[in-house]
Amino acid sequence: MLSRILFVLIVLGVVLSGSFALNFLANDPGTLTLDFAGRIYTLTLLEATVAVVLGILAVAIVLKLLMFAFQLLRWTFVGGEDPFGGFFMRRRERLGLDALSTAMVAMASGDAKTAQKKAKLAEQRLMRPELTRLINAQVADMAGDTARAETYYKALMAEDATAFVGAQGLLGHALAEGETDRALTLASHARDLAPKDQATLETLYTLQSQQFDWASARKTLTDQRRAGHIPKLEADKREAALALAQAEDAEEVGELEHARQLAVEAAKMDPSNVEATCKAVEFLISTGSKRAASKIVTDSWRVRPHPSLAAAFASIEPDESPGERRRRFQTLFELRPEHDETRFLRAELALVAEDWKGARVAIEDLRETEPSARSCAVMAAIARGEGEPDQVVRAWLARALGAPRGDASDSEINHAAMLPLLVGLNEEMTDVSETPTAEIEGDGEADGEGAVEGTSSDGSGNRRENA
């Protein structure tokens, strides 16, 4: 606003000054005498002023004519820009730029018809194909004309300066149409053109994972690491998932040693990946590497206590007595003593050893603060072991059916530590075992062997999709 006011004031000042000057020159009787070539010229001040202005204009015109003559001579004998066509060329370029800017504004405002018209006009008048092809491709995309858009994107790909833009445009079309193989080829080509482009690397990684090409996906992930596009923790999680997928594929084709190396690599890279840890423990046990298996489980338990890890730790020494098992599991207890999973594990191992009091102490806080189907089932087992009436046991089971299920790790309770719950409960436990809240398996009295066996569902069935 202030700048506009100043501009208006300046214009008014110039106009007033000019008017005053003209009035002064017209009314002043003074004269100007010029003696030139033996003749004397007498002019009024106004006439002299007009003569000076006309003289300046004449000099400017003469200079322009001289410059034009010079350009004409240079074009005739040396070559270069046509002095006649240059004017029209500049005018055509100016009109093309105007059409281009109008097309961009129309596209931003969603006016597809105007954008198409002006983009086509810009292409005709403006000799800048890298601009006009791109704007025409984008306008065609906005109008839904896929064939026309792809024609322009292919033309962009043909030029080195615009090849990446063209590849990105065609890649977007391939993804939208579900052409995975074509999209994968275009993404690889785009990566070659711009090796550090974040969106291209992420798209390529996703497509390779969807194609189960784990080795290529790991190479792309390495490129993402080097470019700094992914935090280290997230990159480790992704690579661990890919290594686990490779391990499972290697196991399927009988390459057990390679599968073992990949599984151990995945478990070490991401200790929070329970599935990778369990798979590594399985391979290590098969080769007699019990110490290494224990080390991997403890590292994973330190990061993320989980029922499946307890089952894997138990499988390292399957024939130990309940007392020996409780002493060996003390290693896990000391790592995360206040974690809910540690308390559940203490309670379940106490149940196997028929230490009802120890089980009650371990589960007490969870029973009061975080009641769940699993904690209620444990309390039912304690009640049965302590000789409580069947009504008390059934009450706990009823609470288990209505209690929150918690996360995926609590959705199934199939540890052998639940065997004491089966003693004397045939019909009731048959009904409970058929419910989705708790699956409690067993075939007799608890004899302390096989405690903490089985695995808990943790959603790992989505491994290939989540990699």
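Can you pull out the residues in the range 167-199 that are open to solvent by less than 60 Å² (accessible area, probe 1.4 Å) and farther than 21 Å from T146 by Cβ?
If the condition is that a residue be open to solvent by less than 60 Å² (accessible area, probe 1.4 Å) and farther than 21 Å from T146 by Cβ, then S188, R191, A194, D197 are the ones that fit.
Among the helices (runs of 4 or more DSSP H) contained in the range 287-403, which hold 3 or more residues that are of a type in the set (K, R) and closer than 30 Å to L262 by Cα?
Once the helices (runs of 4 or more DSSP H) in the range 287-403 are filtered for at least 3 residues that are of a type in the set (K, R) and closer than 30 Å to L262 by Cα, what remains is 290-303.
Search the range 233-251 for residues that are in contact (Cβ under 8 Å) with a residue 40 or more places away in the chain and pair each with any residue that is open to solvent by 30 Å² or more (accessible area, probe 1.4 Å) and assigned to a helix (DSSP H, G or I) when their beta-carbon atoms are under 6 Å apart and the residues are at least 6 apart or on different chains.
If the second residue must be open to solvent by 30 Å² or more (accessible area, probe 1.4 Å) and assigned to a helix (DSSP H, G or I), the pairs left are L242/R218.
When you scan the range 219-229, do you find a residue that is open to solvent by 10 Å² or more (accessible area, probe 1.4 Å), outside any helix (DSSP H, G or I) and in contact (Cβ under 8 Å) with a residue 60 or more places away in the chain, even just one?
No.
Scan the range 312-328 for residues that are crowded, with 21+ Cβ neighbours inside 10 Å and within 43 Å of the chain's Cα centre (by Cα) and jot them down.
Of everything in the range 312-328, those that are crowded, with 21+ Cβ neighbours inside 10 Å and within 43 Å of the chain's Cα centre (by Cα) turn out to be A312, F313, A314.
Which pairs have Cβ atoms under 9 Å, sit 6 or more apart or on different chains, and link a residue in the range 391-418 that is at negative phi and among the hydroxyl-bearing types (S, T, Y) to one that is modelled with pLDDT of 75 or more and not in a helix (DSSP H, G or I)?
What qualifies is S409/H306.
Which one of these does M142 not meet: (1) more than 32 Å from the chain's Cα centre (by Cα); (2) modelled with pLDDT of 80 or more?
(1)
Looking only at the range 353-404, count how many residues are surrounded by 14 or more Cβ atoms within 10 Å (Cβ to Cβ) and hydroxyl-bearing (S, T, Y).
The total comes to 2.
Give me the helices (runs of 4 or more DSSP H) completely within the range 101-159, filtered to those with at least 2 residues that are basic (K, R) and under 25 Å from L175 (Cα atoms), ordered by residue number.
Where helices (runs of 4 or more DSSP H) fall fully within the range 101-159 and carry at least 2 residues being basic (K, R) and under 25 Å from L175 (Cα atoms), they are 146-157.
May I ask you to verify whether A103 is surrounded by fewer than 17 Cβ atoms within 10 Å (Cβ to Cβ), more than 28 Å from K219 (Cα to Cα) and either in contact with a strand residue (DSSP E or B) (Cβ under 9 Å, 6 or more places away or on another chain) or not hydroxyl-bearing (S, T, Y) (or both)?
No, not satisfied.
Given the residues A403, A350, A446, A377, which is the only one that is modelled with pLDDT under 50 and either of a type outside the set (G, A, S) or within 29 Å of R304 (Cβ to Cβ) (or both)?
A446
Does E265 fit the bill of being of a type in the set (D, E, K, R), within 16 Å of the chain's Cα centre (by Cα) and part of a helix (DSSP H, G or I)?
Taking the combined requirement at face value, the residue does not satisfy it.
Within the range 2-17, can one find any residue that is modelled with pLDDT of 80 or more and of a type in the set (G, A, S)?
yes
Can we say F164 is open to solvent by 30 Å² or more (accessible area, probe 1.4 Å), out of contact with any His (no Cβ under 7 Å at 6 or more places or on another chain), closer than 28 Å to E93 by Cα and among the aromatic types (F, W, Y)?
Considered against the rule, which asks whether it is open to solvent by 30 Å² or more (accessible area, probe 1.4 Å), out of contact with any His (no Cβ under 7 Å at 6 or more places or on another chain), closer than 28 Å to E93 by Cα and among the aromatic types (F, W, Y), F164 comes out as yes.
The values are calculated or read from the model by the stated rules, or taken from the named source; none is laboratory data. Since the model is a prediction, treat every value here as computed from it, not as a measurement. Because the Cβ atoms are built from the backbone with ideal geometry, glycine has one as well, and the counts that use them run over all protein chains shown. With ligands, DNA and RNA removed, areas are computed over all heavy atoms of the protein, side chains included. Shrake-Rupley method; radii C 1.70, N 1.55, O 1.52, S 1.80 Å.
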